[in-house]
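If you scroll down you'll find the structure; I have some questions about it.
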Amino acid sequence: RAPGPALTAIELDDTSFTYPASTRLALDSFTAVFSPGTVTLVTGPLGAGCSTLLLVASGLAPHVTGGRRTGRVAVLGRDPSVAADRRALGGRVGLLLPTPWTQLSGMAPTVSDEVAFGPANLGWARPRIAETVERAMERVGISRLAHRNPVTLSGGEVQRVMLAAIVAMEPEVYLLD
């Protein structure tokens, strides 16, 4: 896929978010611009809204989590809360949650199959999938785990597998929680 004309990777303008059944803002009037090609660390104490920020940027909040988002969000020039834009962002944004075992497909008998799951769902050709899976596993140092069953791995190993799965999709934006 050709890179889009977006001048920014992620823009949030006066963005707020409230989870369902809560009256407390999890994200309160947040405004920021994240440029392509940069690494930005967003930190804060537990409950500060850092994870919520990533969920909003990925489109999981409110689409999956429920809740209410206000303000403007643009990721690669698209609003992840709009269904057509979310589809257009498919494979272009990779999100690693702090609980990587919740991201396992549950269908892959080996680590290499797990890493291949995303590219296969994007409809890539088998040779391209094989090449990118091998490269992604090498980049995150898990090649030795290729034939292991993902459910037998330690927490740190699962985290690396899910990072490799994201790297294999070759996203334009990485959201790492």
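Values in this text are rule-based calculations from the coordinates and carry no lab data. Fair warning: this is a prediction, and the values are worked out from it, not measured in the lab. For neighbour counting, all protein chains shown are included, and Cβ atoms are generated from backbone atoms with ideal geometry for every residue, glycine included.
Determine the dipole magnitude for the stretch 127-175: charges of +1 sit on the beta-carbon of Lys and Arg, -1 on that of Asp and Glu, nothing else is charged, the reference point is the Cα centre, and the result goes in debye to the nearest 20. List each step's numbers first, then the result.
Details: 6 positive and 6 negative charges, 35 e Å.
Charge dipole, the stretch 127-175, about its Cα centre: 160 debye, nearest 20.
Against the longest alpha carbon principal axis of the chain, how many degrees, from 0 to 90 and to the nearest 10, is the axis of helix 111-121 turned?
Result, in degrees: 60.
In a GNM of the chain with a 10 Å cut-off on Cα contacts, which of ARG126, ARG139, ARG160 has the highest mean-square fluctuation?
ARG126
With unit charges on the beta carbon (Lys/Arg positive, Asp/Glu negative), name the residue among GLY123, SER58, PHE30 whose Cα is farthest towards the positive pole of the charge dipole of the chain.
After comparing all options, I get GLY123.
Further question on the same structure: If I take the Cα coordinates of the chain and project them onto the principal axes, what are the three extents in Å, biggest first?
46, 35, 27
Quick check for me: using +1 on Lys/Arg Cβ and -1 on Asp/Glu Cβ, what's the dipole size of the chain about its Cα centre, in debye to the nearest 20?
Details: 16 positive and 15 negative charges, 51 e Å.
With only Lys, Arg, Asp and Glu charged at Cβ, the dipole is about 240 debye.
For the Cα atoms of the chain, what angle does the longest principal axis make with the long axis of helix 155-168, in degrees from 0 to 90, nearest 10?
80 degrees
Also: What length, rounded to one decimal in nm, is gained on full extension from ALA21 through to ALA83, with 0.36 nm per residue of separation minus their alpha-carbon distance?
Numbers: separation 62, 0.36 × 62 = 22.32 nm, distance 2.35 nm.
Extra length available between ALA21 and ALA83 comes to 20.0 nm.
Can you give the relative contact order of the chain as a percent, counting alpha carbon pairs under 8 Å and 6+ residues apart?
Numbers: 293 pairs, mean separation 40.1, N = 177.
Computed over the chain, the figure is 23 percent.
Projecting each Cα onto the charge dipole of the stretch 128-177 (Lys/Arg +1, Asp/Glu -1 at the beta carbon, about the Cα centre), which of LEU145, GLY156, VAL173 comes out farthest on the positive side?
Final value for the positive-end residue is LEU145.
With +1 on each Lys and Arg Cβ and -1 on each Asp and Glu Cβ, and nothing else charged, work out how big the dipole of the stretch 76-163 is about its Cα centre, in Debye to the nearest 20. Write down the numbers at each step before the final one.
On the way: 11 positive and 8 negative charges, 29 e Å.
Magnitude of the dipole: close to 140 debye.
Once the Cα atoms of helix 126-139 and of the chain are each reduced to a long axis, what angle between those two axes, in degrees from 0 to 90 to the nearest 10, is obtained?
80 degrees
Can you grab the distance from the C-alpha centre of the stretch 42-58 to the C-alpha centre of the stretch 64-105, Å, no decimals?
13 Å
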